[in-house]
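The values are calculated or read from the model by the stated rules, or taken from the named source; none is laboratory data. What you see is a predicted model; the values in this text were computed from it and never measured. Because the Cβ atoms are built from the backbone with ideal geometry, glycine has one as well, and the counts that use them run over all protein chains shown.
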Amino acid sequence: MLNDKSTSELITKSLAGILDPQQQAAVDSQVENSEQSRKFATLNKLIHDSISDVAKRSLDGDTSVAPGLSQDARDRMKNQLRAESARLSQSSMEMTLVPDLGVSGSSNDIEPSVADEQFGQETATNAKSATTPPLTLPHSNLPASEARTVKTRFTLQKVLGAGGLGKVWLAHDETLRRNVALKEMNSAAAEFPRAWDRFRREAEITGQLEHPNVVPLYQHGMDTQTGQPFYAMRFVGKRTLVDAIEEYHERMNAGEDVTMDLHRLLTAFIGVCQGIAYAHSRGVIHRDLKPENVALDSFGQVIVLDWGLAKVRDDVDAGVGISNEMVAGESAINKTMNGEVIGTPLYMAPEQASGRLDDVDHRTDVFGLGAILFSILTGYAPHRNSSLVDGDQIAVPELLRRISSEPTAAPADVNSSVPGDLSEICLKAMQFRPFNRYQSATEMSDVVQHWMAGRSERRQQYSNARSECRELRTAMLSSVRDLERNVRFMSCLPPIQGIIDAVKGRSGDDLATWQERLRLIYGGLLRTNCDFTSVSYSQVNDGNFQELIRIERQASESSNVRKIPASRLASGPLTGCMKKAMLGNPDEVYVALASDCPKAGELNEASRLAATVPVFDLETEEEFGFVMIEADLDRLTETLIRDRFRTRGRLFVLDNECRILLQLDRSGRRVTEVDGQPMNEVSPCWSNVLPVLKEKGEYIDERNHATYATRIDLVPGRYSLALALCLAESKE
Amino acid sequence: MNNTDETPFVGADPDRWVDEYGDYLFRYAMSRLRDSNAAEEAVQETFLAGIRFQEKYSGEGAERAWLLGILKRKIIDYVRKRNRYDRDGSYEDTNDPTAQLFDQNGNWSARAFASQMPDEIVESREVWDVVKGCLTHLPKGQADVFVLSVMEEMDADDICRELEITPSNYWVRLHRARLGLAKCVESKWMMDERVESHA
């Protein structure tokens, strides 16, 4: 038999509609027999009906239910909403889009401030943590709302960062006496049931990925007071890849040597690739790869963070991967997320931006890796340019439309200093269609490592080549100086003045005797200098020259040095180089290519170098003629190159007008097809090289280490040759 | 459903939202939360969430219905937080009306519902005026469970999960709320009748 109190309880349940027929019958009987119970039931029905009526009227917008907003409240609300709207439009480009979660990391929680809140915790298995007396906060300068003491093993010290899902604290593990990073769900996110699932999944996925490049999870628990979950993980410092990238580009822009910085960044990048490759092997796709989600420490540790948007593949091998059963709520979440956009717009793959989540697979992460590499190389997010129109940010939907319909720009197009082949690696990873990308994170890692190894080798090779080119330049200059010294010496010999005296009838010896003496000397000169092709002594009269002596090397038989008989000696109007030489002072040597000089012998004019020095009559101090030595530039350079140059590459010798005088292929063979052609026509990329060469005297290809050029000032300010070296075809 | 309810989503416009939906949402929140500051805060939170989610909901359904959906969530969240910080006074024995309504044997006390019952055909709006006042006198933890159960028609499991209470605690709260409300409404009704009869 029910008493009245029990009956009233059953009436309450009856009104909630949960009684079984037997209980309902008992209640009905009691109500019929008890006036008080009947009154209680009647009153409750009246109350229930009136409340249901109000519920319906409030839903229909009946204004009699309650007064509306006051004008003050209306104004306050508008101001706050305008401010929030403006803030969001500024920050939306940088934020991670998370379905069902606010994109803002800020909390507009209506919960009161929780200064000095006791943060009770229990582990995931609901085992209560051992409690210890509350600990005092070590950082008293923290805002009260940010500072909390935990009564169990973790002391929250300061906020390291906040995202859409949660806030990350630097905390101290009092039990193990070490710093940890503690992530708790932020109150804004906690308002959404799916955020709970996502947070739990993030912890579970992170906990199951055991790899040096994936942050290790220490503890997953729940705040028993707020009911909100948290997890503790290794604290790897606050520095992320973003900081390292900014530092690298700042140093580079300041003109500092950043070779090692790039090497370190790429090494870190390979660590990210390896961490992601491991996750893929376990069936996990990160889906939000960006520099902010990569933590770095000072000792080379690279840790991939924030697995909150990770997806667990269904097709992973049992026993190897993480199955959906191991991660709560995955399948349901995947179903509901289809058509939604997740990830960070500025780093997003096209299939993510278009909401085609069925198409998202491990190659989406390959795109993300490419996006990280893009940031490393350029200092910007890959879709930054797409996000701007005339310097203003476009709306996120428009950006997503662009990402999902347009190919991503190449890093080299954004920053011209990016090595061409590295830019191509990056671009391949970010191909619009997944099947055109690298097919795994491991493949991408291998390609970048290969590039780094090749770059080291190429850098060394390039450095060697530069040294050799410089030596070659020095040797060539030295040869030219030898030429100058020799021609100067040949113009000071006693027979020179003896011939003048004989020609002018001032000496006892006849002209033939002096000529024979000089021929002997000149012949000896040619025999001891195999690069010299001829030496001659000419008289000048009234703008015409007449060779008095000429000794030359036979073109077809270089060991044969012969004197030119008087009947074959050249004469005629002064050529340009002769005129210029005759304008000089005594001992002043004029060096020029033989193309400025008279055609003689069988040699190609363009490959002859002529050094000319004026001769003055010592008696009258009037100009008499000139001595000229010609050298075979081909032979000169080839001899020097073969003696000193070990680099395998195409070597060009260019004249003053940057026409090709000489080309040796990678095997050191002489190539003559392009002789005389402008270098620009042979290789278009030289249009970038030549202005630098002209201005600075040297072109150094820091970007690709493929091309080097140096100027050889034969006659400073007047005549130059250039050595140009192609180690590899440039990726311009 | 009126015309406003069918307004398609046209993107976040804070001023327009406040002008068009502020009163509607505020009245709805007020009827559930019974506190103008809390209702204003919940409405503001609703609009803020709307701004944040605007792209996700772009082009989908009626704007007012969407905002109302968010508001319902905000009301539940507010109630949860209010209960969390008001646990001490929510369902302690001091707020237990059973001592007043039942004797030691669990039978109705003589003065439990002593007065004349109101006419059953009385206007529900008149009853609401009385109920509204009585709800404010109930401990918030009891009133909130009652409102979520009756007004929002949430089932027991959902309320327990949202308010982080056990089922037995839920039934205790709901029952005490019904007892307290019944007694309060009966008393007020009787008082009003007396006032009217003396008038």
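A few remarks follow.
- Tally of residues being modelled with pLDDT of 85 or more and within 9 Å of another protein chain (Cβ to nearest Cβ) across the stretch B:44-61: 4
- Under the condition of being assigned to a loop (DSSP other than H, G, I, E, B) and either closer than 30 Å to residue B:47 by Cβ or modelled with pLDDT of 80 or more (or both), the residues counted in the stretch B:72-109 number 5.
- Meets criteria (basic (Lys, Arg) and either loosely packed, with under 13 Cβ neighbours inside 10 Å or within 22 Å of residue A:589 (Cβ to Cβ) (or both)) for residue A:553: yes
- Residue tally, condition assigned to a loop (DSSP other than H, G, I, E, B) and either modelled with pLDDT of 80 or more or closer than 15 Å to residue A:484 by Cα (or both), over the stretch A:556-604: 16
- Considering residues of the stretch A:671-719 that are of a type in the set (S, T, N, Q) and touching a strand residue (DSSP E or B) at 6+ places or on another chain (Cβ under 9 Å) only, the residue modelled with the lowest pLDDT: A:683
- Listed by position, the strands (runs of 3 or more DSSP E) enclosed by the stretch A:118-226 that each have at least 3 residues that are at pLDDT 65 or above and out of contact with any helix residue (DSSP H, G or I) (no Cβ under 8 Å at 6 or more places or on another chain) are A:154-162, A:166-173, A:178-185, A:217-223.
- Among residues of the stretch B:171-199 that are modelled with pLDDT under 80, those with a Cβ under 7 angstrom from a residue that is buried (at least 19 other Cβ atoms within 10 Å of the Cβ) and not polar (S, T, N, Q), sequence gap 6+ or separate chain, pair up as B:188/B:130; B:188/B:134; B:189/B:118; B:189/B:130.
- As a summary of the residue check, residue A:423 satisfies the conditions (1) among the hydroxyl-bearing types (Ser, Thr, Tyr); (2) farther than 19 Å from residue A:275 by Cβ; (3) outside any helix (DSSP H, G or I) except for the one numbered (3).
- From A:304, A:236, residue being hydrophobic (A, V, I, L, M, F, W, C), at pLDDT 90 or above and more than 30 Å from residue B:80 (Cα to Cα): A:304
- Once the stretch B:144-164 is narrowed to residues that are assigned to a helix (DSSP H, G or I), touching a residue at least 40 places away in the same chain (Cβ under 8 Å) and of a type outside the set (A, V, I, L, M, F, W, C), the residue that is nearest to the other protein chains (Cβ to nearest Cβ) is B:162.
- Where a residue in the stretch A:55-83 is at the interface with chain B (Cβ under 8 Å from one of its Cβ atoms) and basic (Lys, Arg) and its partner, wherever it lies, is surrounded by fewer than 18 Cβ atoms within 10 Å (Cβ to Cβ) and assigned to a helix (DSSP H, G or I), with Cβ under 7 Å and at least six apart: A:78/B:15
- Within the stretch B:11-43, restricting attention to residues that are hydroxyl-bearing (Ser, Thr, Tyr) and either touching a Phe, Trp or Tyr at 6+ places or on another chain (Cβ under 8 Å) or more than 7 Å from chain A (Cβ to nearest Cβ) (or both), the residue that is farthest from residue B:143 (Cα to Cα) is B:21.
- Positions within the stretch A:621-669 being under 24 Å from residue A:463 (Cα atoms), among the basic types (Lys, Arg) and touching a strand residue (DSSP E or B) at 6+ places or on another chain (Cβ under 7 Å), in sequence order: A:650, A:666
- Complete set of residues in the stretch A:258-281 that are under 12 Å from residue A:362 (Cα atoms) and crowded, with 20+ Cβ neighbours inside 10 Å: A:273, A:276, A:277, A:279, A:280
- Positions within the stretch A:646-674 being touching a Leu at 6+ places or on another chain (Cβ under 6 Å), part of a loop (DSSP other than H, G, I, E, B) and more than 20 Å from residue A:713 (Cβ to Cβ), in sequence order: A:649
- Residue A:429 meets the conditions (1) closer than 16 Å to residue A:382 by Cβ; (2) modelled with pLDDT under 90 in every case but one. The failed one is (2).
- Scanning the stretch A:374-394 for residues that are in contact (Cβ under 8 Å) with a residue 40 or more places away in the chain and part of a loop (DSSP other than H, G, I, E, B) turns up A:379, A:381, A:382.
- Scope the stretch A:14-51; condition more than 7 Å from chain B (Cβ to nearest Cβ) and either touching a residue at least 60 places away in the same chain (Cβ under 8 Å) or within 17 Å of residue B:147 (Cα to Cα) (or both); matching residues: A:14, A:15, A:17, A:45
- Comparison of A:717, A:668 shows that the only residue that is under 40 Å from the mean Cα position of the chain (by Cα), exposed (fewer than 15 other Cβ atoms within 10 Å of the Cβ), within 18 Å of residue A:481 (Cβ to Cβ) and not polar (S, T, N, Q) is A:717.
- Note on the stretch A:264-311: residues that are in a helix (DSSP H, G or I) and closer than 13 Å to residue A:236 by Cα amount to 1.
- Out of A:490, A:476, A:452, sole residue that is crowded, with 20+ Cβ neighbours inside 10 Å, in contact with a helix residue (DSSP H, G or I) (Cβ under 7 Å, 6 or more places away or on another chain) and at pLDDT 85 or above: A:490
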